[in-house]
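What follows is calculated from the coordinates using simple rules that are stated; it is not laboratory data. All values reported here derive from a predicted model rather than from experimental measurement. So basically every Cβ, Gly included, is an ideal-geometry build from the backbone, and we count neighbours across all protein chains shown.
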Ligand code: IMP
Ligand code: MG
């Protein structure tokens, strides 16, 4: 059986520092905005989100949503809602927390969906940005790191449901 080779791109130490920096910026920006609802996209964002919220200096509520993006051989790309929010987004300041932005279709779909459902504001926080892959013009408000156009695993991100529990971020061949 072929073993996948991992190459560490971002160490645990660097991740911790960057998450703390993002949490500081978010806390500052939302301090006077009123109630904040953090929406994590399952399952990839769970580890990033749990580290991030513990560094926030403001109150927040937390909810999750599950989205599947079918990107049939990189052509059209259909995005589907698998599990909806528990909370009602009406009137809420929402911060979407996502593991990685690739084409941007998932985040574009979710942001538009939440705004249609009358969220007061919707911003986006991603840990990783795959450079040169965007197919939509979606604004990323808070970004952790740029990563090369490789398949990325660890710190929540999986390859066939494996490697989510790695404490670092790696590329896989
Ligand atoms: P987008 O809709 O093309 O931006 O894709 C974003 C989604 O695809 C993310 O939520 C991830 O679940 C998944 N994804 C994209 N690139 C990677 C990767 O390199 N490793 C793991 N998951 C990825
Ligand atoms: Mg995902």
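Tabulated values for the structure
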item: Pair-distance profile P(r), taking every C-alpha pair of the stretch 51-128, with 5 angstrom steps and integer %; result: 3, 13, 24, 25, 19, 10, 4, 2, 0
item: Length released on extending from residue 4 to residue 168, taking residue separation times 0.36 nm less the Cα-Cα span; result: 57.4 nm
item: Cα-only radius of gyration and Dmax that characterise the stretch 10-70, units Å; result: 12.6, 38
item: Relative contact order of the chain, defined on C-alpha pairs under 8 angstrom at six or more residues apart (%); result: 24
item: Extension reserve of the residue 60-residue 120 stretch, reckoned as 0.36 nm per residue once the Cα distance is removed; result: 20.1 nm
item: Efficiency of FRET from Cβ geometry, residue 27 and residue 83, R₀ 45 Å, rounded to 0.05; result: 0.95
item: Inter-label distance, nm, simple model (7 Å from Cα along the C-beta direction), residue 131/residue 143; result: 0.9
item: 0 to 90° range, to nearest 10: angle between helix 12-30 axis and the chain longest Cα axis; result: 20
item: For peptides 94-105, 19-30, 133-144, sequence by mean Cβ density within 10 Å, most packed first; result: 94-105, 19-30, 133-144
item: Beta bridges per DSSP with both ends in the chain, % antiparallel, nearest 5; result: 35
item: Inter-site label distance for residue 68 and residue 112 at 7 Å from Cα along Cβ, in nm; result: 2.1
item: Size-normalised alpha-carbon gyration radius of the chain, reference 2.2 N^0.38 Å; result: 1.01
